[in-house]
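Undergrad: Right, I'll just put the structure down here and ask away after.
The values are calculated or read from the model by the stated rules, or taken from the named source; none is laboratory data. Being a predicted model, the structure only gives us computed values, none of them experimental. Virtual Cβ from ideal backbone geometry, glycine too; neighbours counted across all protein chains shown.
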Amino acid sequence: MKILLLNQVFYPDVVATAQYLSDLAAALAERGHEVTVVSGRRAYEHPETIFPARETWRGVKILRIFSTRFGKGTKWKRAADFASFLFFSCVRLLFLPRQDVVVALTTPPLISFLGAWRAKLWRARFCYWVMDFNPDEAIAVGWLRADSFTAKFLERLSLFSLRRADKIIALDRFMRDRIVAKGVASEKIAVISPWSLDKQVKFDAVGREAFRLAHGLAGKYVVMYSGNHSPVHPLDTLMQAADQLRAVTDIVFCFIGGGSEFSRVKKWAKKNPQVICLPYQPLDKLSASLSAADAQVVVMGDAMLGLVHPSKIYNILTVGAPLIYIGPEPSHVTEILAGLKPRHPWIGIRHGEAGELAKQIPQLRRESAGHERRTLAEVEAHFSQAALLPHLAGLIESPGRKT
């Protein structure tokens with residue numbers, strides 16, 4: 001079967017959707033399918049890095065598309081970069097041979113529309129893997145007004161993708177409910193969460209100590225946020241708690257990653273000697289960096305429930321790190337963690353409760369002293385790559401209606 005995968009990021013990029021799509025592409029190729037990926041040539045966080053225009057990786061044919069590199073400094077620059085990628089993707093899709101299945105993700109927004117449109121012309125099956133939900137997300141964080149022409153136009157394109165899809169993969173039940181609320185038939189929605197990167201990520205005691213030594217963290221209690229820094233994951237409560245704990249000099253806050261808010265976090269960090277900021281870590285160093293933390297932080301904006309998915313929780317649980325959750329309740333995170341307590345230490349805080357968080361971090365430190373860093377059986381059974389990736393690949397292979 002010929003399968004086309006569409007997303008702006010793919011191997012060797014290190015952002016989350018690139019990693020998940022790369023796993024899926026390799027698995028489909030191993031199952032005997034002819035897999036083609038159309039993605040961008042520029043690294044997502046470092047657009048000055050250019051990948052080859054064509055490459056074959058693990059049996060997967062990769063076709064990379066040119067796009068501009070204005071950056072993320074303003075909305076128009078982000079929009080221009082997205083638009084250029086979509087334009088050249090559209091041109092590239094015109095000249096591809098017919099595919100049997102088209103799978104689209106959500107980077108950039110509207111790539112799913114191109115996938116749905118091309119699948120319709122080919123009379124191919126279309127699978128929509130909803131990694132985040134736009135334009136709803138953009139409206140929720142204030143990037144778009146709900147009553148604007150742009151928002152209404154993007155909503156029409158989003159609905160085309162959802163209605164055209166033979167299969168929709170939602171990441172949790174909250175996202176499924178958002179999709180159903182759009183009038184989409186629930187029977188074509190499958191809930192499959194992202195998996196832990198268990199082939200690459202595990203608790204690494206040696207790497208933990210090396211990372212801590214390299215960054216001056218030896219003898220410290222390290223609270224770490226690792227991932228995308230954006231309004232989708234508002235970090236103000238965590239930052240305010242860090243300011244309130246400045247006098248506790250053996251507690252250090254480590255922010256790792258990138259995104260539109262990372263520069264603001266780095267600017268703030270210069271005023272707090274108990275904070276360090278580091279860029280995204282290479283995949284082969286991820287175990288070491290995640291293991292280095294004494295507590296990992298997961299953040300979800302209150303308005304983001306069902307629009308984004310906190311996929312970082314799976315790798316955190318794989319390395320066995322105690323966890324701090326800042327966000328709405330109930331959520332996918334609280335549902336997972338409720339089943340793990342008291343075997344896995346964690347605390348939950350609502351946004352705006354910085355004082356309470358500052359009190360609970362030392363308490364979590366005491367409660368998790370001596371905590372064994374291991375992957376719980378429930379995590380391996382329900383959220384591992386071995387459990388979820390074959391299910392997703394089988395869903396894409398399965399026959400469905402054509403429209």
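Undergrad: Can you tell which of 92, 54 is modelled with pLDDT of 95 or more, out of contact with any Gly (no Cβ under 7 Å at 6 or more places or on another chain), surrounded by fewer than 20 Cβ atoms within 10 Å (Cβ to Cβ) and not small (Gly, Ala, Ser)?
TA: From the options 92, 54, the qualifying one is 54.
Undergrad: Any residue at all in the stretch 151-174 that is more than 29 Å from residue 383 (Cα to Cα) and part of a loop (DSSP other than H, G, I, E, B)?
TA: No, every residue in the stretch 151-174 fails to be more than 29 Å from residue 383 (Cα to Cα) and part of a loop (DSSP other than H, G, I, E, B).
Undergrad: From the list 140, 104, 43, which residue is in the same structural domain as residue 393 (by TED's automatic domain parsing) and free of Cβ contacts under 8 Å to residues at least 60 places away in the same chain?
TA: Being in the same structural domain as residue 393 (by TED's automatic domain parsing) and free of Cβ contacts under 8 Å to residues at least 60 places away in the same chain holds for just one of 140, 104, 43, which is 43.
Undergrad: Could you please give the count of residues in the stretch 162-177 that are buried (at least 17 other Cβ atoms within 10 Å of the Cβ), closer than 28 Å to residue 121 by Cβ and not hydrophobic (A, V, I, L, M, F, W, C)?
TA: Final tally of qualifying residues: 3.
Undergrad: Residues of the stretch 290-311 being in a helix (DSSP H, G or I) and under 19 Å from residue 238 (Cα atoms), which ones?
TA: 290, 292, 302, 303, 304
Undergrad: Follow-up. Hey, does the stretch 314-332 have a residue that's assigned to a helix (DSSP H, G or I), of a type in the set (D, E, K, R), more than 23 Å from residue 274 (Cα to Cα) and outside the structural domain of residue 168 (by TED's automatic domain parsing)?
TA: no
Undergrad: On to the next question. Yes or no: residue 197 crowded, with 17+ Cβ neighbours inside 10 Å and aliphatic (A, V, I, L, M)?
TA: Here the answer is yes, as residue 197 does meet what is asked.
Undergrad: Considering every residue within the stretch 353-368, establish whether at least one is modelled with pLDDT of 95 or more, in contact with a Ser or Thr (Cβ under 8 Å, 6 or more places away or on another chain), part of a loop (DSSP other than H, G, I, E, B) and surrounded by 13 or more Cβ atoms within 10 Å (Cβ to Cβ).
TA: There is at least one residue in the stretch 353-368 that is modelled with pLDDT of 95 or more, in contact with a Ser or Thr (Cβ under 8 Å, 6 or more places away or on another chain), part of a loop (DSSP other than H, G, I, E, B) and surrounded by 13 or more Cβ atoms within 10 Å (Cβ to Cβ).
Undergrad: Please state which one of 283, 217 is farther than 24 Å from residue 328 by Cβ, surrounded by fewer than 20 Cβ atoms within 10 Å (Cβ to Cβ) and not basic (Lys, Arg).
TA: It is 283.
Undergrad: If a residue has to be under 25 Å from the mean Cα position of the chain (by Cα) and surrounded by fewer than 17 Cβ atoms within 10 Å (Cβ to Cβ) to count, how many in the stretch 369-386 make the cut?
TA: Adding up the residues that qualify gives 9.
Undergrad: Taking residue 48, is it under 23 Å from residue 2 (Cβ atoms), outside any helix (DSSP H, G or I) and in the same structural domain as residue 166 (by TED's automatic domain parsing)?
TA: When the stated conditions are applied, residue 48 does not pass them.
Undergrad: Restricting the stretch 106-138 to residues that are buried (at least 23 other Cβ atoms within 10 Å of the Cβ) and aromatic (Phe, Trp, Tyr), which is modelled with the lowest pLDDT?
TA: 133
Undergrad: In the set 256, 251, which member is aliphatic (A, V, I, L, M), in the same structural domain as residue 296 (by TED's automatic domain parsing), out of contact with any Gly (no Cβ under 6 Å at 6 or more places or on another chain) and within 19 Å of residue 46 (Cα to Cα)?
TA: The match here is 256.
Undergrad: Looking at this structure, is residue 395 in contact (Cβ under 8 Å) with a residue 12 or more places away in the chain and over 22 Å from residue 308 (Cβ atoms)?
TA: It is false that residue 395 is in contact (Cβ under 8 Å) with a residue 12 or more places away in the chain and over 22 Å from residue 308 (Cβ atoms).
Yes/no per residue for (1) in contact with a Pro (Cβ under 7 Å, 6 or more places away or on another chain); (2) buried (at least 20 other Cβ atoms within 10 Å of the Cβ); (3) modelled with pLDDT under 95:
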residue: 292; (1), (2), (3): no, yes, no
residue: 296; (1), (2), (3): no, yes, no
residue: 300; (1), (2), (3): yes, yes, no
residue: 315; (1), (2), (3): no, yes, yes
residue: 324; (1), (2), (3): no, yes, no
residue: 328; (1), (2), (3): no, no, no
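Undergrad: Please enumerate the residues belonging to the stretch 369-393 that are assigned to a helix (DSSP H, G or I), in contact with a Phe, Trp or Tyr (Cβ under 9 Å, 6 or more places away or on another chain) and either over 28 Å from residue 192 (Cβ atoms) or not polar (S, T, N, Q) (or both).
TA: 379, 383, 386, 387, 388, 389, 392
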